[in-house]
């Protein structure tokens, strides 16, 4: 069985919507759904945002399920100019060779090096510095630690991200922090509205970022459903 893991519920929403015969349950703070995606029985798991939660919950998945392949998917930030919002990118440095070799026969995405960061990189200067330091083109908060856990299980691993913010885009980091509780994995709209009332200059960039997520999520879901059809049935 393949596990499709996402840090956030918003990233997984369309994949879950397209699953049938679903059974959802929670183990501690790990939210899981067993269901049919196309012709394949899959596990969809919300492992949480950030290094610690992602590591703990990924380890828990292997304690409770016999997984044959693991796909980590979600949003990522562009560290170089060519990558645009909605662009699907597969990690060439964290994904296993077997998966990379298989994906080279497909289209609709690009390969890039990923790097794991501890906080949102929201400025052009910060992105340029991160790219220079790591040699990566995409930043996220979980791929490295999840790849390390999965590698110990010696099964195929794929890290894929869809670009949610571009190199030249200045993110309203204050509004993003006010609008989401990473510990509970839930939006905090009241806190966000209070913040924006005091910082009206962040409303436009926040709206631009959120609008881009709709396209990004659709493209990510389309990619995942496509490769789900093509990956070996033995997984």
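Restricting the range 157-178 to residues that are within 16 Å of residue 121 (Cβ to Cβ) and assigned to a strand (DSSP E or B) leaves a set whose member that is farthest from the chain's Cα centre (by Cα) is 165. The residues of the range 18-47 that are part of a loop (DSSP other than H, G, I, E, B), under 22 Å from residue 181 (Cβ atoms) and at pLDDT below 95, listed by number, are 28, 29.
For the range 54-68, state whether one or more residues are closer than 26 Å to residue 164 by Cα, part of a strand (DSSP E or B), touching a strand residue (DSSP E or B) at 6+ places or on another chain (Cβ under 8 Å) and touching a residue at least 60 places away in the same chain (Cβ under 8 Å). Spell out the reasoning first.
Going residue by residue through the range 54-68, those that are closer than 26 Å to residue 164 by Cα are 54-58.
Still in the list and also part of a strand (DSSP E or B): none.
No: zero hits.
Scanning the range 199-213 for residues that are under 12 Å from residue 170 (Cα atoms) and in contact with a strand residue (DSSP E or B) (Cβ under 7 Å, 6 or more places away or on another chain) turns up just one, 209. Residue 78 satisfies every condition listed in (1) buried (at least 22 other Cβ atoms within 10 Å of the Cβ); (2) under 27 Å from residue 59 (Cβ atoms) except (2).
Being modelled with pLDDT of 95 or more, under 21 Å from residue 140 (Cβ atoms) and either over 17 Å from the mean Cα position of the chain (by Cα) or part of a strand (DSSP E or B) (or both): is that true of residue 15 here?
On the way: modelled with pLDDT of 95 or more: yes; under 21 Å from residue 140 (Cβ atoms): yes; either over 17 Å from the mean Cα position of the chain (by Cα) or part of a strand (DSSP E or B) (or both): no.
It is false that residue 15 is modelled with pLDDT of 95 or more, under 21 Å from residue 140 (Cβ atoms) and either over 17 Å from the mean Cα position of the chain (by Cα) or part of a strand (DSSP E or B) (or both).
For the range 155-185, a residue qualifies if it is without any contact (Cβ under 8 Å) to a residue 40 or more places away in the chain and touching a strand residue (DSSP E or B) at 6+ places or on another chain (Cβ under 9 Å), and the qualifying residues are 179, 180, 181. Of the candidates 146, 138, 160, the single residue that is more than 26 Å from residue 29 (Cα to Cα) and either modelled with pLDDT of 95 or more or exposed (fewer than 14 other Cβ atoms within 10 Å of the Cβ) (or both) is 138.
Give the residues of the range 83-104 that are assigned to a loop (DSSP other than H, G, I, E, B) and in contact (Cβ under 8 Å) with a residue 12 or more places away in the chain, sorted by residue number. I'd like the intermediate steps shown before the answer.
Here is the first cut: in the range 83-104, the residues assigned to a loop (DSSP other than H, G, I, E, B) are 83-87, 92-96, 104.
Selection gives 83, 84, 85, 86, 87, 92, 93, 94, 95, 96.
Applying the condition of being in contact (Cβ under 8 Å) with a residue 24 or more places away in the chain and not in a helix (DSSP H, G or I) to the range 188-231 and asking which residue is nearest to the chain's Cα centre (by Cα) yields 231.
Only residues that are under 18 Å from the mean Cα position of the chain (by Cα) and free of Cβ contacts under 8 Å to residues at least 60 places away in the same chain were counted across the range 32-46, and they come to 5.
Does residue 121 satisfy the criteria of being at pLDDT 95 or above and in contact with a helix residue (DSSP H, G or I) (Cβ under 6 Å, 6 or more places away or on another chain)?
Working: at pLDDT 95 or above: no; in contact with a helix residue (DSSP H, G or I) (Cβ under 6 Å, 6 or more places away or on another chain): yes.
No; evaluated as a whole, the condition is false for this residue.
Can you find a residue in the range 178-195 that is under 19 Å from residue 14 (Cβ atoms) and surrounded by 21 or more Cβ atoms within 10 Å (Cβ to Cβ)? No, the range 178-195 contains no residue that is under 19 Å from residue 14 (Cβ atoms) and surrounded by 21 or more Cβ atoms within 10 Å (Cβ to Cβ).
How many residues, within the range 105-155, are in a loop (DSSP other than H, G, I, E, B) and under 26 Å from residue 180 (Cβ atoms)? Matching residues across the range 105-155 total 11. Quick check, is residue 142 under 23 Å from residue 58 (Cα atoms), touching a residue at least 12 places away in the same chain (Cβ under 8 Å) and in contact with a helix residue (DSSP H, G or I) (Cβ under 6 Å, 6 or more places away or on another chain)? Judged against the criteria, residue 142 is a match.
The values are calculated or read from the model by the stated rules, or taken from the named source; none is laboratory data. Quick caveat: nothing in here was measured; it's all calculated off a predicted structure. Heads up, the Cβs are rebuilt from the backbone with ideal geometry, glycines too, and the neighbour counts pull from every protein chain shown.
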